[in-house]
Amino acid sequence: MTLEARFKGVMRDQEPKETEADLAIGAFPLLTCVKLVQQTVQEMVKLPALWAVAIALVWKLSGLPVPAFLLQATQILGNTVTGLMMLSLGMGLRYRRIYQPLPLLIAGGIKLLISPLVVFGIATLIGIQSPYLEAIVLEGAMPTQLLTFIIADRIGLNSERLALCILINTAASFLTIPLMKTLLFGGRAISF
């Protein structure tokens, strides 16, 4: 019996019977999805940034004061992060012909043009007022962050392609952020 016959019931007056193989085929997408979620959670648990956030939240909720030496150490380390992430991004770039540029342009358009409009719509809908409205809309208009590059590299995604996307988004944001500010807020200065 062919696969078409089983699913369409075309065999002579016979109802298609489900076999163990059919049930396995039907369960395959569900099992694949569950396995993918498990792998994703396992990889997320290994990310140092999430551990740092969890530790900081527990410390904050405990009410214990943060020692001065720890604040100084984290400030020194924090000052190096941006430079190191930019270095990592630069090392991820390869100077060769851009293949399939359309997905990169679409992703950049969604992030830099559509995202701030969606943020503006939702923030206006729930009643957020100026200056907070301008702040969150401009935050939504920011280019893709460098942390995504580090995470993508760690979990085995195409970090070279993402590095190119971040580069394009960052360069384009010099035009799109003022454009969004002018379109949505009339170019007036934002005062906090």
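Among the chymotrypsin sites (Phe, Trp or Tyr not before Pro) within the stretch 68-126, those in coil by DSSP and having at most 16 neighbouring Cβ atoms inside 10 Å are 95, 99.
Shown is the FRET efficiency for residue 60 and residue 96, computed with R0 = 41 Å from the Cβ-Cβ distance and rounded to the nearest 0.05: 0.35. What separates the Cα centres of the stretch 126-164 and the stretch 40-70 is a distance of 21 Å.
Of all GluC sites (Glu not before Pro) in the stretch 118-192, which ones are in loop regions per DSSP and have a Cβ with at most 13 other Cβ atoms within 10 Å?
Answer by residue number: there is no such site.
Just so you know, the Cα atoms of the stretch 67-106 work out to an Rg and Dmax of 17.5, 51 Å.
Each reported figure results from applying straightforward, stated rules to the coordinates on display, with no laboratory input. Model, not experiment: these values are computed from the prediction. Backbone-built Cβ (ideal geometry, glycine too); neighbour counts: all protein chains shown.
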